[in-house]
1. When region 22-73 is examined, which residues are found to be of a type in the set (S, T, N, Q) and in contact with a helix residue (DSSP H, G or I) (Cβ under 7 Å, 6 or more places away or on another chain)?
2. Taking region 138-164 as the search range and keeping residues that are under 26 Å from Glu81 (Cβ atoms) and among the aliphatic types (A, V, I, L, M), which one is modelled with the lowest pLDDT?
3. Do any residues in region 38-49 that are closer than 9 Å to Gly221 by Cα and without any contact (Cβ under 8 Å) to a residue 12 or more places away in the chain have Cβ atoms under 8 Å from those of residues that are among the small types (Gly, Ala, Ser) and crowded, with 23+ Cβ neighbours inside 10 Å, where the two are at least six apart or on different chains, and which pairs are they?
4. For the subset of region 23-40 comprising residues that are surrounded by fewer than 24 Cβ atoms within 10 Å (Cβ to Cβ) and of a type in the set (S, T, N, Q), which member is nearest to the chain's Cα centre (by Cα)?
5. Of these, Leu222, Leu207, which one is free of Cβ contacts under 8 Å to residues at least 24 places away in the same chain, out of contact with any Gly (no Cβ under 6 Å at 6 or more places or on another chain) and either assigned to a loop (DSSP other than H, G, I, E, B) or under 20 Å from Asn30 (Cα atoms) (or both)?
6. Just to be sure, is Leu32 farther than 12 Å from Gly54 by Cβ, out of contact with any Asp or Glu (no Cβ under 7 Å at 6 or more places or on another chain) and without any contact (Cβ under 8 Å) to a residue 12 or more places away in the chain?
7. Please pick out the residue among Glu43, Glu20 that is buried (at least 18 other Cβ atoms within 10 Å of the Cβ), farther than 24 Å from Ser261 by Cα and at pLDDT below 90.
8. Would you mind finding the one in Gly17, Gly13 that is in contact (Cβ under 8 Å) with a residue 24 or more places away in the chain, within 21 Å of Asn253 (Cβ to Cβ), part of a helix (DSSP H, G or I) and in contact with a Gly (Cβ under 8 Å, 6 or more places away or on another chain)?
Amino acid sequence: MDTSHILLALLTGFVQGVIEWLPVSSKTMNLLILSAGGISVNEAYALGLIANFGSFFAAFFYFRAEIGQIVKGLRHPLSKEAEARLLRFVILATLATGLVGIPLYKLSKQTLSLASGSMGMLIIGLLLLSTAYLASRKEKLSISTHSDKEEKEIPNASIALLIGACQGFAALPGISRSGVTVTPLLAIGYSAREAIRLSFLLNVVALLGAGAVPLLSDEGGLGAIQSLGIISTFLMLVVATVVSFFTIGAVLNIAQPLKTSVITYFIAGITLVAAIAGLIASK
C-alpha cells in the first residue's frame, strides 16, 4: 500500500468536499493536486471527475426531501404543482447539460492527452481565469440581493435549458459548475440563497453523471483508479462525502458568495507561471 497515494487521496477528497460547493472548479483543483503527486494529467482529470461521486452521496442525502418531491412529481409530470415543476426543471436542465457537457468532456480528454503536461496546465490556467471572472460577477450580482426579497417561482422550461447548458460547460477543466449556474440565476433575479439551493439541487444529478462519464465512456477511469489505487480511491470518496455534507450546510446557511474570485485568480496565476516555465524549460 502506497502511503503517499493515501495522503494524496485524503487531500483530494477534502478539497473536493469543500471546493465543489464554491465558485471554484473542484475537478481542476483535484487535477492540480493529483498531477503534482505524480499522477499523469489525463488520469488526474479522470480522477477529479470520479471524486464527484463523494459529493453526490452527500448531496443526495442532504436534499433527500427535495428529491422526494421530485419523485412525487413523476405521478403528474405536466401539472402546475411545485413538485412537477421541480421535476421538469431538473429533467430539462440535465438534458441540456448532457448535450453540452459530454462533447466538451471528450474534447477535453483529447486535448489533454495530445498536449504536453505544461501545455495542458497552460490550457487549465486560462480556463481558471474564466472561472475567476464568473466568481467575481457572482459576487457583484449578490450585493444587490436582499434576504427578505420575495422568492421567484421554480424556473420555467427556457430557464432550465439555459442553466443546464451553462452547467454543461463545467465539463471543461477550470470551469466551476457552481459559478456557471449560480451566476445566471442571480442575474435573472433569484435571491442568493434560492440560487445556491437550485444550483446545488441540480448538481445532484450532474455529480452522478460527472463521476460516471470517465468510467462509462472509455477505460480511462478504470486506469486512473488503478494508478491511484483502489483503497486510496475509496478513501478519497469517503472524505469527499463527509466534507461535502458539512460544506453544503455551511454555504446555504451563509447564503452569501465567498470572495473566492481573488483566490481563483491567484491559483490561475500560479498555474500559468508554472506552465510557461515548463514550456521554456522543455525547449
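The values are calculated or read from the model by the stated rules, or taken from the named source; none is laboratory data. All figures in this text were calculated on a predicted structure; none of them were measured in a lab. Glycine gets a Cβ as well: all are built from the backbone with ideal geometry, and neighbour counts include every protein chain shown.
1. Those that are of a type in the set (S, T, N, Q) and in contact with a helix residue (DSSP H, G or I) (Cβ under 7 Å, 6 or more places away or on another chain): Ser25, Ser26, Thr28, Asn30, Ser35, Asn42, Asn52, Ser55, Gln69.
2. Across region 138-164, the extreme among qualifying residues is Ile154.
3. Final answer for the pair search is none.
4. Top of the filtered list is Ser35.
5. Among Leu222, Leu207, only Leu222 is free of Cβ contacts under 8 Å to residues at least 24 places away in the same chain, out of contact with any Gly (no Cβ under 6 Å at 6 or more places or on another chain) and either assigned to a loop (DSSP other than H, G, I, E, B) or under 20 Å from Asn30 (Cα atoms) (or both).
6. Working: farther than 12 Å from Gly54 by Cβ: yes; out of contact with any Asp or Glu (no Cβ under 7 Å at 6 or more places or on another chain): yes; without any contact (Cβ under 8 Å) to a residue 12 or more places away in the chain: no.
For Leu32, the condition - farther than 12 Å from Gly54 by Cβ, out of contact with any Asp or Glu (no Cβ under 7 Å at 6 or more places or on another chain) and without any contact (Cβ under 8 Å) to a residue 12 or more places away in the chain - is not met.
7. Glu43
8. Values: Gly13 fails: within 21 Å of Asn253 (Cβ to Cβ).
Just a single option satisfies the conditions, and that option is Gly17.
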